[in-house]
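**Student:** Have a look at the structure that comes next, please.
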Amino acid sequence: MRNGDQYCWGHKGRDRQSLEAVLESIHTNLFNIVGEAVTPVATIEKTWSQQEMVKRIVRYIYKAAQSPELLTLGWEELGKRLVDQAMGSYGAACQDKQWFYEIDLAQAFASVSWQLLCLNGRPRVRFGQIKELVQQEYEGCLDKTLLTKAMWEATTLVFPDNKVQSKIYNALSKAYNGALEESMADSRPMEELQRVEIFVRKWIDDSMRRAWCSLESVEVTLTDANVLRLFQALVAPFGSGHPYSCIPDSLTKGIGRPPEDWKFIAQVVKQLFNTWKIEAMSGGTGSSSRKKRKRSNAEQVASLEAPASRSFTEAPTSRSAQAPVNNCFTEAPISKSTKAEPFLKREPSPAGSFDPEDSPIEESDLDFERQHPDCTSLEDCVGHRRQLLVRHMIDRAAQGDIYCEECWRSFLEQNTKLQGIWEDGPLRGQPVDMR
């Protein structure tokens, strides 16, 4: 047995163990299992020692394991909840580390799940089933983390203002799953490319409608050129040299990733803005105009005819005519190790100019770009600019200062009674729970 299997089965036959004893055993076993998981990637880390890496990772998983609600759940829900809670804080703190997508913590999550289940006697499930479940959940959390990072990278590339970035990201995030579900739910026989087009069309339409309704000075900010640049960046958020794309892998496995200058995106954006222009000329204003836009955009943008079926491995046009063919998915599907390749600096999109200072950072800067510009801790901030923000709630009526996730977490370690709400991100306005 390797990677901690010997630790997992130690409690197999015990009934009704005390919670304190099990938690103590979980803590000890985590140091052993995480220590084994860290060893292959320890040389990648440039700031923390191997011991510090183990200590930090164990802390995030152990805190999640202490949640009382886990003991009331069935084995499947327990495993999922454990992974989700631990990955929330662990991902926020470590997602920019080069080893984040390399290290495999599934065994650690499986061991904790098994020991918690053993509190009520022998579990009615095999350890292998638990490990398979948490492995899938763990991989899913990694995918979500990378998608979030990619959306932020593309958004900050196009929009320099922090408030605008948050609103654009929220719009993209909220519209993503609905667009994917719609593209997968269509039961009609169709080529893979047509499903990709359904997804992209829906994502652009829904997300930009959301953004239009939330932004100030929207006519200046949300221009057709900026929207085009945004979605071109989302096709290859870490640059053309990196295989990752925000276009779901489930839709592009057989045809490859679209080129960054895919003409279909420009067609959809042009149709969308033509629709808005027509509505403006017709005299629609204010909220009533936006409600009308919500109905008409989907109808008019959907009227675009899908091009004849083809793959993205055909010779691309214009800027990328001399570039390598975008067929990375058909040759080598993305794995954790592929995702962990250095994130390359993106080149400017051909659709308009931009300030180079807005582009993603170089790989060598990832570990050293500390401090969130909007964190009240200022020069004492221990976080970084891509972390979400938390607003301190003094009481129900009084709002306090804003801090990044990492600073807020450090405050909670000193005072667990602090209350806060998410200031941005997909959970904006909801209570923060990092305990």
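**Student:** Given the conditions (1) open to solvent by less than 20 Å² (accessible area, probe 1.4 Å); (2) touching a residue at least 40 places away in the same chain (Cβ under 8 Å); (3) in a helix (DSSP H, G or I), and given that PHE100 satisfies all but one, which numbered condition is not satisfied?
**Tutor:** Unmet condition: (3).
**Student:** Give just the number: which of (1) farther than 24 Å from ASP84 by Cβ; (2) in a loop (DSSP other than H, G, I, E, B) does ILE402 not satisfy?
**Tutor:** (2)
**Student:** Please specify each residue of segment 94-138 satisfying the condition of being of a type in the set (Gly, Ala, Ser) and out of contact with any helix residue (DSSP H, G or I) (no Cβ under 6 Å at 6 or more places or on another chain).
**Tutor:** Listed by number, the residues that qualify are GLY121, GLY128.
**Student:** Hey, which of the helices (runs of 4 or more DSSP H) in segment 103-194, taking only ones fully inside, have at least 3 residues that are more than 22 Å from ARG229 (Cα to Cα) and open to solvent by 10 Å² or more (accessible area, probe 1.4 Å)?
**Tutor:** Correct list: 127-158, 162-185.
**Student:** Restricting attention to segment 379-422, report how many residues are β-branched (Val, Ile, Thr) and under 26 Å from the mean Cα position of the chain (by Cα).
**Tutor:** Total meeting the criteria: 4.
**Student:** Just checking, does segment 374-394 include any residue being crowded, with 19+ Cβ neighbours inside 10 Å, at pLDDT below 75 and assigned to a helix (DSSP H, G or I)?
**Tutor:** no
**Student:** Now for a separate question. Do we find that TYR60 is in a helix (DSSP H, G or I), among the aromatic types (Phe, Trp, Tyr) and either modelled with pLDDT of 90 or more or in contact with an Asp or Glu (Cβ under 9 Å, 6 or more places away or on another chain) (or both) in this structure?
**Tutor:** Details: in a helix (DSSP H, G or I): yes; among the aromatic types (Phe, Trp, Tyr): yes; either modelled with pLDDT of 90 or more or in contact with an Asp or Glu (Cβ under 9 Å, 6 or more places away or on another chain) (or both): yes.
Yes, satisfied.
**Student:** Okay, moving on. If I filter segment 423-435 down to residues being at negative phi and open to solvent by less than 40 Å² (accessible area, probe 1.4 Å), which single residue comes out as nearest to the chain's Cα centre (by Cα)?
**Tutor:** Of the residues in segment 423-435, the ones at negative phi are 423-424, 426-428, 430-435.
Next, only the ones that are open to solvent by less than 40 Å² (accessible area, probe 1.4 Å) stay: 424, 432, 434.
On the way: ASP424: 14, VAL432: 18, MET434: 18 Å.
Per the criteria, the residue is ASP424.
**Student:** Report yes if TRP152 is touching a Lys or Arg at 6+ places or on another chain (Cβ under 8 Å) and farther than 16 Å from VAL269 by Cα, otherwise no.
**Tutor:** In short, yes.
Quick grid of which residues meet (1) modelled with pLDDT of 90 or more; (2) on the phi > 0 side of the Ramachandran plot; (3) of a type in the set (Ser, Thr, Tyr):
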{"position": "SER207", "(1), (2), (3)": "yes, no, yes"}
{"position": "THR223", "(1), (2), (3)": "yes, no, yes"}
{"position": "ASN226", "(1), (2), (3)": "yes, no, no"}
{"position": "PHE238", "(1), (2), (3)": "no, no, no"}
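**Student:** May I ask you to verify whether GLU413 is surrounded by fewer than 19 Cβ atoms within 10 Å (Cβ to Cβ) and either aromatic (Phe, Trp, Tyr) or modelled with pLDDT of 65 or more (or both)?
**Tutor:** Details: surrounded by fewer than 19 Cβ atoms within 10 Å (Cβ to Cβ): yes; either aromatic (Phe, Trp, Tyr) or modelled with pLDDT of 65 or more (or both): yes.
Against the criterion (surrounded by fewer than 19 Cβ atoms within 10 Å (Cβ to Cβ) and either aromatic (Phe, Trp, Tyr) or modelled with pLDDT of 65 or more (or both)), GLU413 qualifies.
**Student:** Find the residue count for segment 115-163, including only residues that are closer than 19 Å to GLN98 by Cβ and touching a residue at least 24 places away in the same chain (Cβ under 8 Å).
**Tutor:** 12
**Student:** So for segment 248-269 (the condition being open to solvent by 40 Å² or more (accessible area, probe 1.4 Å), hydrophobic (A, V, I, L, M, F, W, C), modelled with pLDDT of 50 or more and in contact with a helix residue (DSSP H, G or I) (Cβ under 7 Å, 6 or more places away or on another chain)), does at least one residue qualify?
**Tutor:** So the first thing to find is which residues in segment 248-269 are open to solvent by 40 Å² or more (accessible area, probe 1.4 Å), and the list is 249-250, 253-254, 263, 266-267.
So of that shortlist, the ones also hydrophobic (A, V, I, L, M, F, W, C) come out as 266.
From what's left, modelled with pLDDT of 50 or more: 266.
Still in the list and also in contact with a helix residue (DSSP H, G or I) (Cβ under 7 Å, 6 or more places away or on another chain): 266.
There is at least one residue in segment 248-269 that is open to solvent by 40 Å² or more (accessible area, probe 1.4 Å), hydrophobic (A, V, I, L, M, F, W, C), modelled with pLDDT of 50 or more and in contact with a helix residue (DSSP H, G or I) (Cβ under 7 Å, 6 or more places away or on another chain).
The values are calculated or read from the model by the stated rules, or taken from the named source; none is laboratory data. Treat the numbers as computed from the prediction; the structure is a model and nothing was measured. For neighbour counting, all protein chains shown are included, and Cβ atoms are generated from backbone atoms with ideal geometry for every residue, glycine included. The accessibility values were calculated without ligands, DNA or RNA, using every heavy atom of the protein model including side chains. Shrake-Rupley method; radii C 1.70, N 1.55, O 1.52, S 1.80 Å.
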